[in-house]
Amino acid sequence: MLDFPIFDSRHARHAKLTDLRSDTVTRPTDEMYARMREAPVGDDGLDGDPTVQALEEAVATMLGKDAGLYVPTCTMANLLAALAHTRRHEQVLLESNAHMFATERGGSLLAGLAYTPIEGKAGAMDLDRIEAAVRPGSYRIGVGLIAMETSHNNAGGAVLPLTHMQDVHEIARRAGVSVHIDGARLMNAAAALEVPAATLAQHSESVSLCLSKGLSAPVGAVLAASEAAIATAKGYRKMLGGTQRQAGIMAAAGLEALQTMSKRLRDDHARARVLSTRLNDLGASFAAGEPQTNIVQVQVGGTGMPSHQWVRALAEFGVLTRPWGEKVIRCVTHRHIDDADISHAVEAFAQVFEKRGHA
Ligand SMILES: *Cc1c(COP(=O)(O)O)cnc(C)c1O
């Protein structure tokens, strides 16, 4: 629980806030600040920054790739991957609810790429539809890249099965197309499957990894891929204004995040399961999805109150959530959410449900 309200003065009257809006709200640890202060730095746009290089190497090694590239956001890492693997005017196939499609496809306009949505279930693209989309046809533009997402944000933190990832990679290999993994929450997916992250990354030519979500670093992401793809991506990073100077100060926090935060993600997953179970045990007319990782989607459509109204009512109790469309609210567990926060959230849901219609 956070002791002081830092997000929004509207909630200032609450001594304690339970912030379930996202795992991006996590603050740096004392150890991160200490490493930031002590990190050797250089000019990453000139002759390099040693701490940035150490982070890039650490992520590449962990994911079984040749090289890494530190970037300000995972959005930039995904766009650089798309640019590095394709030629202009090619298609990028993505699951239709993927973050790269739903939230980031503005970037495709800059890149001159066509992002093509492929329908799927629980974040996994339909394999027949991928096969059909990569089949050559003179009437359509070629496919340059297929992107998967795990864990899958809009699918409630769903984890792609390893067999699915292998199947997608195999279809891509036969078609001569590269595969990218949007692994903003790759470490959550690896924790859920209880495998090393490299086991997931092997089914791709590139992976993006966000350091500022559950891993708690203040900013930053890393793209990992072959030496050649990273060299291309580095040129585009410069073009996009993503080359930073003494970025080792931030990369130091990223290194600490990588080395210490991955192992605690299972605690977030366990608390998400408890939240889901306890919400469903209330016997109310909302339904919490069964989380595989740290995201709980609560269907509130049956309560007669739209999601944004639920979000406002829960905030009155100091419980912050986000509307995910009209009928769903999203709750995300992270390092600042403890057992008391889960109880606090469940109690707030019960109170709001009881009082609805009496406002
Ligand atoms: C958050 C998120 C991103 C974007 O990350 P930023 O660092 O906020 O740009 C990309 N993909 C997925 C799946 C995400 O959840």
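FYI, it's all coordinate maths here, none of it is from the lab. Just so it is clear, the structure is predicted and the values come from calculations on it, not from any experiment. When we count neighbours, we look across all protein chains shown, and the Cβ atoms used for this are built from the backbone with ideal geometry, even at glycine.
Which residue fluctuates most in the GNM of the chain (Cα springs below 10 Å): H169, H89, H336?
Taking springs between Cα atoms under 10 Å, the residue moving most is H89.
How big is the convex hull of the Cα atoms of segment 181-334, per residue, in Å³?
Convex hull volume per residue, Cα atoms: 148 Å³.
I'm a student and want to see the number: the projected area of the Cα convex hull of the chain, averaged over all directions, in nm².
18.3 nm²
What is the gain in length, in nm to one decimal, between E31 and K355 on full extension, counting 0.36 nm per residue of separation less the C-alpha to C-alpha distance?
Result for the pair: 112.3 nm of gain on full extension.
Expected output is a single nm value to one decimal: the length gained when fully extending between A122 and R173, i.e. 0.36 nm times separation in residues minus the C-alpha distance. What is it?
Full extension of this stretch gives 16.0 nm more.
Sort by residue number and name the cysteines in the chain that have no neighbouring cysteine Cβ under 4.7 Å.
C331
Kindly work out what percent of the DSSP beta bridges joining two residues of segment 30-260 are antiparallel, to the nearest 5.
40 percent
Set the Förster radius R0 to 22 Å, insert the Cβ-Cβ distance between K16 and R266 as r into 1/(1 + (r/R0)^6), and round the FRET efficiency to 0.05.
So the FRET efficiency works out to roughly 0.35.
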